[in-house]
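Quick notes on the structure that follows.
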Amino acid sequence: MKLSKIKDVLNSKGDLTNINDAAYQKLIDNITTLWGEAKSKAITAVNTELLDANWQTGKYIVEYEQGGKQKAEYGKRLLVNLAKDLTARNGKGFNRTNLTYMRKLYLAFPKCGTLSHKLTWSHYYELLKCDNTLEMQFYYKESIKECWKVRELRRQMKSCLFQRLALSTDKAGVLDLANEGHQVQTPQDIIRDPFVLEFAGLPKQKHYKESDLEKALKDHMEQFLLEMGRGFAFVGRQYSMQIGSRQFKVDLVFYHCILKCYVLIDLKRAEIKHGDIGQMNLYLNYFKTEVCQPDDNPPIGIVLGARKDELLMEYALEGITNQLFVARYQLYLPKREELQAQLDKLLDEAE
């Protein structure tokens, strides 16, 4: 039979590649879902086994070192020799750096049951770079709670999130931060001073307009929401308000799903002026009356500028009953050593 005749016969019996039957489509969906779940379970299982093996390897190394005689004999050469011999026998994955971090993993989490398998080995690799236990515990809690990917964890560590949040509280607050992660319960909890906006790509030496910063934040909204913290949902940019015969616009509007309220942000390229406070207060009063629903909490206003005069802001904010805050932003990553020194001083003074 000729090829053309065979095709005609197949077409007469129905082309299985063009079936639009609902039951057939459901079959496709079911099989796709099945394999998607299977792959997810397989990845989770592999991660669990890999993490446990890394922990167990660290335990073996530490127990071997504690033997005394061997430790004195091999000293710092132990990991070098292990890396060479394990790689020769088992292949890649056993270089000196990896073995060092496996050892650190066991020392930081001496009980295997305290390891969260919601995090990957790559997460723990970053966490173990922290200099102190409080800092590592904070990022550990936040990574689990916020479901941070490794790159998000890395960014928050580079931006010194722990130090920035810790410096806004007392010693008890620092300990709570480390043990429980960042709790968002009041409007003050969403304020970071400074906010770090290095992802906007605007060099601090370059002259730029407020609209440039606003556009950059909108273009990098995923990173901006990460910096703002959990609970924020983007509503709009240049939100228009008709008040009397005049029209006003607020730069950025969000809704905070935890605090159940709108959050208004006005950007200032240079120093925040006292007039900026009055303008934000106007916006907040408008939102309370015209936008908020009965089950919404009062809106929050944040005036975000490159600089602020503390005394001037103190007088400008006095007597205002709305939830209005001023905060600084910076377009470069902070110097970790400086923030850590301030935090150490805070903890020492609390003794």
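The values are calculated or read from the model by the stated rules, or taken from the named source; none is laboratory data. Note that the structure is predicted; figures quoted are calculated from it, not measured. In case anyone asks, the SASA skips ligands and DNA or RNA and just uses the protein heavy atoms, side chains included. Shrake-Rupley method; radii C 1.70, N 1.55, O 1.52, S 1.80 Å.
Using alpha carbons only, the radius of gyration of region 178-269 set against its Kirkwood radius gives Rg/Rh = 1.00.
Across region 323-328, coupling constants 3J(HN,Hα) worked out from phi with the 6.51/-1.76/1.60 Karplus curve, θ = phi - 60°, read 7, 10, 10, 10, 8, 9 Hz, and Gly and Pro carry x. Normalising the average separation of contacting C-alpha pairs (under 8 angstrom, six or more residues apart) by the number of residues puts the relative contact order of region 190-346 at 26 percent.
Of all the options 242, 330, 279, the one that moves most in a Gaussian network model of the chain with Cα springs shorter than 10 angstrom is 242. Among 63, 337, the order of accessible area from largest down is 337, 63, computed with a 1.4 Å probe on protein heavy atoms. If I compute mean projected area of the Cα convex hull in nm² from the structure I just sent, which labelled value in [x] 16.9; [y] 32.4; [z] 27.7 lines up? Answer by label: [y].
Of 129/158; 104/129; 129/149; 145/345; 149/335, which sit over 18 Å apart, Cα to Cα?
As for pairs spanning more than 18 Å Cα to Cα, those are 145/345; 149/335.
Looking at the chain, the accessible area is 59 square angstrom per residue; that uses a 1.4 Å probe and ignores ligands, DNA and RNA. Amide H to amide H, with H built 1.01 Å from N, residue 325 comes under 5 Å of 301, 302, 303, counting only residues 5 or more places away or on other chains. Just checking the listed ones, 81, 47, 281: in the Gaussian network model of the chain with Cα springs under 10 Å, the one fluctuating most is 81. From the alpha carbon centroid of region 211-225 to that of region 272-351 is 19 Å.
Computed in the context of the full set of protein chains, the accessible area of region 238-289 at 1.4 Å probe radius has 47% of its extent on carbon or sulfur.
Here the relative contact order of the chain, from alpha carbon pairs under 8 Å that lie six or more residues apart, stands at 13 percent.
Taking amide H as placed 1.01 Å from N in the peptide plane, residue 235 has its amide H under 5 Å from the amide H of 253, 254, 255, each at least 5 places away in sequence or on another chain. The GNM of the chain, with springs linking C-alpha atoms under 10 angstrom apart, assigns the highest mean-square fluctuation among 184, 174, 263 to 184.
Against the empirical curve 2.2 N^0.38 Å, the C-alpha radius of gyration of region 72-209 lands at a ratio of 1.33.
Within region 151-193, what whole-number % of the accessible surface is contributed by carbon and sulfur, with the 1.4 Å probe and all protein chains included in the calculation? So the carbon and sulfur contribution to the accessible surface is 45 percent. Where both bridge residues fall in region 205-351, DSSP classifies roughly 55% of the beta bridges as antiparallel. Using only alpha carbons, region 217-340 has a radius of gyration to Kirkwood radius ratio (Rg to Rh) of 0.97.
Of all DSSP beta bridges confined to the chain, the antiparallel ones make up roughly 50%. Quotient of the Cα radius of gyration of region 161-215 and 2.2 N^0.38 Å, N being its number of residues: 1.50.
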